[in-house]
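The values are calculated or read from the model by the stated rules, or taken from the named source; none is laboratory data. Since the model is a prediction, treat every value here as computed from it, not as a measurement. Using ideal geometry, Cβ is built from the backbone for each residue, glycine included, and neighbour counts are taken over all protein chains shown.
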Amino acid sequence: MNSEMKSQVADAIVKLHSMIPEISDYHEFAVVLESSIKDIFHIDWLQLALLGDDKRVKIVTSQPIPTDWEVYDIDTILIETFKKKIGETYLFELGQRPDKENEVYLLETVKKYTDASQFLTIHTAKTKALDSCIGLYRTDKCNYFTHNEQQVLSYLSPVLVSVSHTMMLYYDFELKRVSHEQLSRSLRALTMTFDNVLAPVDIPTKTRKFLARYFPDSKNKTIPLVIDKWLTKKIAPKGFLESGQGPWTLNLHLPGLDLYLKAHTVVTGINHLVLLVMIYPHSQTVDFSLLQRNGFTYREVETLSFLPLGYTNRQIAIAMDIEEVTVKKHLKNCAQKLGTVGKTDTLYQALQRKQLLEEIGR
């Protein structure tokens, strides 16, 4: 590898290291990697492949391509790549007219699933739960990857392996996001997730909007200053999470709204220690869930739970992230089912109905 190529490789490594902290979602890795590698040699597109312990493959590409990734489990390219050691590259030297059966099959596989003619891959990470690799593709049948380009990819190996482990962390959270959302919905909570050095991993749009509404300083910074201080001084004073610590709680009194925050350390499926923060838009109150036995909906019961706190319709709407007119509709439905008029009477009768249902259930 000549001095000019070495300089380009060094620049690509610096570029990758500078861009990684800015990535907020694992889908962005493919685009970042492609832009860095294209500075060194030509590729038409790039893929990131994650093989789970269920033998299914998750594919992310740097740009949309005409392919169906659901059947990618029979791709010979991935099979051969995952046989390599971590950090090793795989270059299949396909001739103009393949005569060996495996070459013919592999070429057909490439064309069927990737619409590409040339490829160069690298095995980048492996854990108990996930296996990952990076694939570089060209559509030009005559523009073969060379051994020199394979060597360049080998020089990039350390940083690509490091990047892939970070990527796998994001993917691990992608798999857990559904369960986190179910948890937050059941507890009427918003969520934030951080890695072991408190870098944001997953802050849902709903949480971002809520923080921006109540904390003016969060508009230019994702995490409000008061919460950031709690994370850095109380939860991770050494700059990183420690296993076996927590949970931690924080109460905040804001104009028209009280917040209760609870943080837990969680060990993910790929053995990473992360922090899950639950944000409750109001303090613990009366649980009216029993009223669902009498035909009340989940949202009607949730609306009732704010009445003991003395919330206005507007405050309830903000806490539930719905329109004020919808709050009025829920309260009207509750009043009709309870035969009441006004919030005070509705709250009193709801408490009485709850007590009656509790006695019946004993």
> Is it fair to say I40 is in a loop (DSSP other than H, G, I, E, B) and either among the hydroxyl-bearing types (S, T, Y) or at pLDDT 70 or above (or both)?
Replying inline: yes
>> Among the residues in segment 213-220, are any surrounded by fewer than 13 Cβ atoms within 10 Å (Cβ to Cβ), among the aromatic types (F, W, Y) and not assigned by TED's automatic domain parsing to the domain that holds L307?
In response: no
>> Kindly evaluate N251 against the criterion of being out of contact with any Ser or Thr (no Cβ under 6 Å at 6 or more places or on another chain), surrounded by fewer than 18 Cβ atoms within 10 Å (Cβ to Cβ), assigned by TED's automatic domain parsing to the domain that holds P204 and among the polar types (S, T, N, Q).
In response: yes
> Failed condition for L136, given (1) in a loop (DSSP other than H, G, I, E, B); (2) crowded, with 21+ Cβ neighbours inside 10 Å; (3) at pLDDT 85 or above; (4) aliphatic (A, V, I, L, M), with all others met?
Replying inline: (1)
